[in-house]
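The values are calculated or read from the model by the stated rules, or taken from the named source; none is laboratory data. No experiment lies behind these values; they were computed from the predicted model shown. Because the Cβ atoms are built from the backbone with ideal geometry, glycine has one as well, and the counts that use them run over all protein chains shown.
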Ligand SMILES: Nc1ncnc2c1ncn2[C@@H]1O[C@H](COP(=O)(O)OP(=O)(O)OP(=O)(O)O)[C@@H](O)[C@H]1O
Ligand SMILES: [Mg+2]
């Protein structure tokens, strides 16, 4: 069996906010080229954990390594380029799709070539003419695809996705799921994604981390969700499936 290399490694990571211990002694790896589903009840600390992976937040103690390099040794721009993030509401600035997709480069003082924009938009399954559309006129599914295209501009090695399908209809959900798998396979991007949908977590994820009250209480192949060992995970999975 091929040995897996960590793309991100957490070592005894703790995070507090307002005197609340939000993440408790997190240790573990997200492996290169794999998809890990991050699941757990609301308030468990999933989004907080994701934000630590690209420096939006910093731990109070412990260490985080990106490809075996201490996260603190990265320049912020370099870190954002390597580790992309997409969120549930796909925040956009006013303007066209092209304008929004260009943003990561504009912020670095660079320009996005029209041909690259065309490739990107087609890569996420949208028509080229959409580049000139005002982002306010996009459907939820299109918005998410644009948000993913914007993340791909930097050719990230790691992508963090926070509940990007939860507000979508079934068809758009499936399209985004397929897109996540395609990006993982085609570009070998390591993906960590948060979902409340256990079936999705099993199907799309190679691995899973189950987070509860700030602790990783079960981790392994995503299929473990079919027969969890921990009684709390059993209850959680049962509740989510109902
Ligand atoms: N900046 C902050 N200040 C105070 N408390 C915070 C802050 N950020 C998060 N929290 C708290 O930390 C806990 C974990 O929040 P987090 O958003 O990471 O949970 P989550 O697992 O993503 O939940 P959900 O599934 O609802 O998105 C929650 O109790 C939240 O209220
Ligand atoms: Mg969250």
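Checking each residue in the range 204-229 for being closer than 20 Å to residue 29 by Cα and out of contact with any helix residue (DSSP H, G or I) (no Cβ under 7 Å at 6 or more places or on another chain) picks out 209, 213, 214, 215, 216, 219, 220, 221, 224.
You will find that of 232, 238, 226, the residue that is in contact (Cβ under 8 Å) with a residue 12 or more places away in the chain and surrounded by fewer than 13 Cβ atoms within 10 Å (Cβ to Cβ) is 226 and no other.
When every residue of the range 208-222 is checked against the conditions, at least one turns out to be away from ligand 1 (no atom under 16 Å from the Cβ) and under 22 Å from residue 85 (Cβ atoms). Among the residues of the range 202-227, those identified as within 21 Å of residue 60 (Cβ to Cβ) and part of a loop (DSSP other than H, G, I, E, B) are 213, 214. Beta carbons closer than 8 Å, at least 6 apart along the sequence or on distinct chains, pair a first residue in the range 16-27 that is more than 15 Å from residue 50 (Cα to Cα) and in contact (Cβ under 8 Å) with a residue 12 or more places away in the chain with a second that is more than 6 Å from ligand 1 (Cβ to nearest atom) and assigned to a loop (DSSP other than H, G, I, E, B) for 21/214. Across the range 60-89, the qualifying residues are those that are free of Cβ contacts under 8 Å to residues at least 60 places away in the same chain and assigned to a loop (DSSP other than H, G, I, E, B), and the one among them that is farthest from the chain's Cα centre (by Cα) is 60. Has the range 134-154 got at least one residue that is assigned to a helix (DSSP H, G or I) and over 26 Å from residue 47 (Cβ atoms)? Yes, the range 134-154 contains a residue that is assigned to a helix (DSSP H, G or I) and over 26 Å from residue 47 (Cβ atoms). Looking at the range 99-111, which of the residues that are surrounded by 18 or more Cβ atoms within 10 Å (Cβ to Cβ) and at pLDDT 95 or above is farthest from residue 167 (Cα to Cα)? Taking the candidates together, the pick is 102.
Looking only at residues in the range 30-51 that are surrounded by fewer than 23 Cβ atoms within 10 Å (Cβ to Cβ), more than 6 Å from ligand 1 (Cβ to nearest atom) and under 13 Å from residue 15 (Cα atoms), the one that is farthest from the chain's Cα centre (by Cα) is 51. Taking residue 218, is it modelled with pLDDT of 95 or more and on the phi > 0 side of the Ramachandran plot? No: the conditions fail for residue 218. If you go through the range 141-166 and pick out every residue that is surrounded by fewer than 21 Cβ atoms within 10 Å (Cβ to Cβ) and within 16 Å of ligand 1 (Cβ to nearest atom), you end up with 3.
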